[in-house]
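**Student:** Sharing a structure with you now.
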Amino acid sequence: MTADQKPVPDMAPQSGDSDAMLVERAVAGDQRAFELLVIKYQRRIERLIGRMVRDVNLVEDIAQETFIRAYRALHQFRGDAQFYTWLYRIAVNTAKRFLLKLKNDPAVFQSALQGNDEDDETFQRRNEPSTDETPESVLAAKEIGQAVNAALEALPDDLKQALTLREIDGLSYEEIADVMNCPLGTVRSRIFRAREAVSNKVKPMLEKQTGKRW
């Protein structure tokens, strides 16, 4: 396309194509192109890291390190997967490295893993009861939420990651297989086992609180 030509409106690139174009421009030295990728995905990456490292003071640092690593590795991005899937993998690995370093300082490590319930995206905030909620129902909901979180945290890492990628990040099974570098059937199995494990932990509490089977 020459400089005086204009793109056809109904031929606008899809999101993944746009990312690939920005990556191509960034690799060629266009700093603004990479800045646009950062702007597009910074909040999602920070939310992801915030679920792994609950210390908000560390989330921004790890996110920044993630984008630095991504920028340095841009030439390795082949477009076989969505850019966010590729970036997601870098963020997870960067957060794991931070946590590994923090283990040398137990006090700091514990602080990094302790989260504020209000910041947990898995469940809705229930700070103020609605008109049809009672203090008892609010307490019950909070206890159930805590039970789900505890059940999720108790899962083996591979099951927890698969379930989080699916239920919280909304990735497809194919994208999860790419992120976790495993066959599609393995992804389905891990998500099934993770859901079953969480269900078994929480089901008795739900039946007790609501009188319904889950």
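**Student:** Applying a 10 Å radius around every beta-carbon, put 50-59, 20-29, 73-82 in order of their mean neighbour count, most first.
**Tutor:** With the highest mean Cβ count within 10 Å placed first, the list reads 50-59, 20-29, 73-82.
**Student:** Taking H placed 1.01 Å from N in the peptide plane, check which residues at least 5 places from R54 or on another chain put their amide H under 5 Å from its amide H.
**Tutor:** HN-HN under 5 Å from R54: L113, Q114.
**Student:** Highest first, please rank the peptides 31-41, 186-196 by the mean number of other Cβ atoms sitting within 10 Å of their residues.
**Tutor:** In descending order of packing, they fall as 186-196, 31-41.
We did not get these values from a lab; they are worked out from the coordinates using the rules stated. Bear in mind that the values here come from a model prediction, so they are computed numbers and not experimental data. Ideal geometry is used to build each Cβ from the backbone, glycine not excepted, and the neighbour counts take in all protein chains shown.
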